[in-house]
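Below: one structure, written as structure tokens.
The values are calculated or read from the model by the stated rules, or taken from the named source; none is laboratory data. This one's a predicted model, so the numbers in the text were calculated from it and none came from an experiment. Note: ideal-geometry Cβ built from the backbone for every residue, glycine included; neighbour counts use all protein chains shown.
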Amino acid sequence: MEVSVYLVWFLLLELHNTLKTFLFFYEIAEFLSNLPYNPAIGPELDVLNTKPRPRVEARHNNMMAYLTVKDPSLLYNYILPFFKSLEFKSRKAVDFQLWEAAVKLRALGYTTSAKPKEYFIAISKYINKRYSTNVGLRPMTPEMVEILKLFNRPPVYNLASGLSYRAYSDINRKAKGLTGYSVNVYDNGKLVEGSPFPSYTQAALALGNINISSAISKKINTDKLYKQRFKFESTVNSDTTN
């Protein structure tokens, strides 16, 4: 009886904490939705309506709350300018420099070339493993110097034209004959037959479960394993662009 009462109390406490987290995330989402439009490169008005629409959702039997903002356009047009107006006085300054570089690489289309995409993946891995002994990429390494040089060139996606990020992505994929993302799947370190797969869905089907596409999306290029065995990595599409 005492165990049952304790379990009910524990579950109620967890639910209460989750609800508080949801309310907190909704407050953050509302704040982000009201940030001013202020891109470094782009039209003066947000004609494409890229205003942030953060998503708050529950996972793991509704015991965990998540706030997600993914679209490169809204990150570049709203959230990046807001954080650039702040001054970081801790290790977060290093993380922000790397995150800013990653946002620019993706939003301005540099990752459509092989080497910049490698840099983007390296930043992603570093940010996800920055507390480990494998420090990887960090500011002012030769790789970061090369990234900064890239930003002195005209962007691949001409944001002033008024085309959406998705439109540019579709144009680029068609030009290269691509139909989706290429994904390498590793099973305990061994490349799964059929890799690279042209999409998350195809990779999920190869593993026998179409419902894990979202898991692939969350774990790709992070070195985090799915079910303690599967690792997902983007492939770098070779081209002749330097």
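Listed values, structure above:
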{"read-out": "Filter result for VAL135 (surrounded by fewer than 18 Cβ atoms within 10 Å (Cβ to Cβ) and either within 17 Å of GLU100 (Cβ to Cβ) or modelled with pLDDT under 80 (or both))", "value": "yes"}
{"read-out": "Residues of region 204-231 classified as surrounded by 15 or more Cβ atoms within 10 Å (Cβ to Cβ), among the hydroxyl-bearing types (Ser, Thr, Tyr) and outside any loop (DSSP other than H, G, I, E, B), total", "value": "2"}
{"read-out": "Any hit, region 74-95, residues being over 25 Å from ASP223 (Cβ atoms), outside any loop (DSSP other than H, G, I, E, B), charged (D, E, K, R) and modelled with pLDDT of 80 or more", "value": "yes"}
{"read-out": "Qualifying positions in region 24-66 - exposed (fewer than 12 other Cβ atoms within 10 Å of the Cβ), aliphatic (A, V, I, L, M) and modelled with pLDDT under 85", "value": "VAL47"}
{"read-out": "Residue that is at pLDDT 80 or above and either touching a Cys at 6+ places or on another chain (Cβ under 8 Å) or outside the structural domain of LYS115 (by TED's automatic domain parsing) (or both), where the choices are ARG153, ARG229", "value": "ARG229"}
{"read-out": "Lone unmet requirement of (1) on the phi > 0 side of the Ramachandran plot; (2) not assigned by TED's automatic domain parsing to the domain that holds LEU32 for ASN49", "value": "(2)"}
